[in-house]
Amino acid sequence: MPIGWYFEAATNVSWTLQCFPRAVAQTAEFQSAQIWSRLLKLKPMETRLNHLTDMHVRFLRFLAFATLIGVLAPLSAQQPAPQGAGRPGVSVPGAPKPEDTEVWEPVPKMVTAATTPMAPPSDAIVLFDGQNLDQWVSSRDKSPAKWTVAGGVVTVNKARSAGNIETKRSFRNYQLHIEWKIPVNIAGAGQDRGNSGIFLVSTGPGDAGYELQILDSYNNKTYVNGQAGSIYKQAIPLVNPSRKPGEWQTYDVVWSAPVFNENGSLKTPAYVTVFFNGVLVQNHFEVKGETRYIGQPSYKKFDRAPIKLQAHSDPSEPISFRNIWIREL
Ligand code: MG
């Protein structure tokens with residue numbers, strides 16, 4: 001509670017203690033005199049007042065003091081008024097009000113959430129629902145994607161003729177949900193064990209872009225800025241919530257695209273937040289540029305770009321994807 005409020009309150013109490021009993025007493029004096037003058041008509045007014053006033057004044061002062069204590073004690077237990085608003089219940093012209101900081105428009109649009117966990121909400125663009133790859137093309141030549149769709153999942157085709165696939169649509173800022181599974185019979189070690197990836201932005205053929213790494217990191221040692229949940233060679237995941245091979249895993253990504261100046265220089269960097277199996281592994285990480293296998297990351301101007309899935313060249317069993325959807329922000 002501000003010291004000034006205490007001072008003000010103390011001043012008011014002091015004034016009230018001085019003036020209130022006196023005012024009450026004076027009023028009481030008058031009223032008492034009126035009453036008693038009627039009852040004791042035989043006595044002169046001066047004598048009646050001198051005889052009765054002192055007792056009444058003392059009694060009324062006691063009553064006034066007791067009333068004040070009864071009123072002030074609960075008030076002192078209340079929370080302080082907001083800064084600048086003065087005492088509770090007192091309106092001060094120009095002082096901040098609660099409604100000053102209330103925002104009523106624009107009203108967020110209604111979205112129907114999914115009834116089952118991880119299913120796309122009503123405003124999502126479904127990129128893969130288990131049926132076909134109509135939303136995808138080959139990164140190399142934009143021909144129809146050549147990965148294998150069966151049983152409601154799509155599996156990487158590691159044949160040289162297939163390569164990476166990417167979305168037909170281009171995006172800027174978005175929320176992405178994607179599920180992936182390392183095959184139960186996975187073999188290999190390090191980067192050669194279930195390696196794939198999601199290029200959150202594809203800036204060209206091959207592995208050009210910004211890669212969120214996919215790898216079997218359940219029990220597989222490798223460089224930590226290259227394990228599952230890393231922004232490849234830029235950001236180590238905060239923790240490792242990997243599941244066993246054979247179990248489905250999820251990435252939920254919030255991507256804020258970089259902004260470039262007219263001359264191609266960077267205006268503001270990209271930021272990325274990633275939940276891996278529901279666990280935060282990248283917390284609004286400031287991206288340093290395109291991810292690189294060799295060399296340092298750097299930015300290259302783009303506006304909107306596809307999202308790309310990696311067909312890594314390692315010889316381990318190919319991984320699978322399902323339930324891919326995106327919400328543009
Ligand atoms: Mg990879």
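Some values worked out for this structure:
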{"read-out": "Filter pass, Phe276 being of a type in the set (Phe, Trp, Tyr) and surrounded by 19 or more Cβ atoms within 10 Å (Cβ to Cβ)", "value": "yes"}
{"read-out": "Residue that is farthest from the chain's Cα centre (by Cα), among those in region 291-305 that are surrounded by 15 or more Cβ atoms within 10 Å (Cβ to Cβ) and within 13 Å of the ligand (Cβ to nearest atom)", "value": "Arg292"}
{"read-out": "Single match in Lys308, Lys288 (criterion: touching a residue at least 12 places away in the same chain (Cβ under 8 Å) and surrounded by fewer than 20 Cβ atoms within 10 Å (Cβ to Cβ))", "value": "Lys288"}
{"read-out": "Condition broken by Arg160, with the remaining ones in (1) modelled with pLDDT of 95 or more; (2) out of contact with any Lys or Arg (no Cβ under 7 Å at 6 or more places or on another chain); (3) in a loop (DSSP other than H, G, I, E, B) satisfied", "value": "(1)"}
{"read-out": "Residues (within 16 Å of the ligand (Cβ to nearest atom), of a type in the set (A, V, I, L, M, F, W, C) and in contact (Cβ under 8 Å) with a residue 60 or more places away in the chain) located in region 231-269", "value": "Ile231, Val253"}
{"read-out": "Subset of region 183-223 [within 16 Å of Gly289 (Cα to Cα) and within 29 Å of the chain's Cα centre (by Cα)]", "value": "Ile198, Phe199, Leu200, Val201, Ser202, Gly209, Tyr210, Glu211, Leu212, Gln213"}
{"read-out": "Residue ID - farthest from Trp255 (Cα to Cα), chosen from residues in region 186-230 that are more than 11 Å from the ligand (Cβ to nearest atom) and among the aliphatic types (A, V, I, L, M)", "value": "Ala187"}
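The values are calculated or read from the model by the stated rules, or taken from the named source; none is laboratory data. Since this is a predicted model, take the numbers as computed values, not measurements. Glycine gets a Cβ as well: all are built from the backbone with ideal geometry, and neighbour counts include every protein chain shown.
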